[in-house]
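Peer 1: Submitted below is the structure of interest, expressed as structure tokens.
Just so it is clear, none of the values below were taken in a lab; they were calculated from the coordinates. Since this is a predicted model, take the numbers as computed values, not measurements. So basically every Cβ, Gly included, is an ideal-geometry build from the backbone, and we count neighbours across all protein chains shown.
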Amino acid sequence: MINLPIWAMVGTGDHSRAGTANAVKKKLVDELGSKVVRITNIEGANHGQSAAKAWSQEGLMEWMFSHSLKNRKK
């Protein structure tokens, strides 16, 4: 998973998922040095609110379309 492009977005008010997203960041980014995993914490948002706000993150569409299975490192 270290080379799998992941951009996880989670609301800080989504208590059941915020910890999981930050654990993923700690393992894949901090410990293993992934350059393609991103975690964005959306301040105060709960689960429903964070999904809607994720689509308005600046650069999301460009980031999504900059990745392809054809060019992925194994």
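Peer 1: For the chain, give the magnitude of the charge dipole about the Cα centre (Cβ charges: +1 Lys/Arg, -1 Asp/Glu; no others), in debye to the nearest 20.
Peer 2: The calculation lands at about 440 debye.
Peer 1: Any chance you could give the angle, 0 to 90 degrees and rounded to 10, that helix 15-24 forms with the longest Cα principal axis of the chain?
Peer 2: Helix 15-24 sits roughly 20 degrees off the main axis of the chain.
Peer 1: Kirkwood hydrodynamic radius of segment 6-65 from all distinct Cα pairs, in Å?
Peer 2: Hydrodynamic radius (Kirkwood, Cα pairs) of segment 6-65 is 11.8 Å.
Peer 1: Please give the calculated 222 nm ellipticity per residue for the chain, where each DSSP H segment of at least 4 residues contributes -39500 (n - 2.57) and the sum is spread over every residue; nearest 500 deg cm²/dmol?
Peer 2: Rounded to the nearest 500, the figure is -8500 deg cm²/dmol.
Peer 1: Can you give the extra length, in nm with one decimal, that the chain gains between Glu31 and Met1 once fully stretched, where that is 0.36 nm per residue apart less the Cα-Cα distance? Walk me through the numbers before you get to the answer.
Peer 2: Numbers: separation 30, 0.36 × 30 = 10.80 nm, distance 1.28 nm.
Length gained, Glu31 through Met1: 9.5 nm.
Peer 1: Through the Karplus equation 6.51 cos²θ - 1.76 cosθ + 1.60, θ set to phi - 60°, convert the phi angles of segment 36-52 into ³J(HN,Hα) values in whole Hz; use x for Gly and Pro.
Peer 2: The phi angles translate into 10, 9, 10, 10, 10, 8, 9, 4, x, 7, 8, 4, x, 5, 5, 4, 5 Hz.
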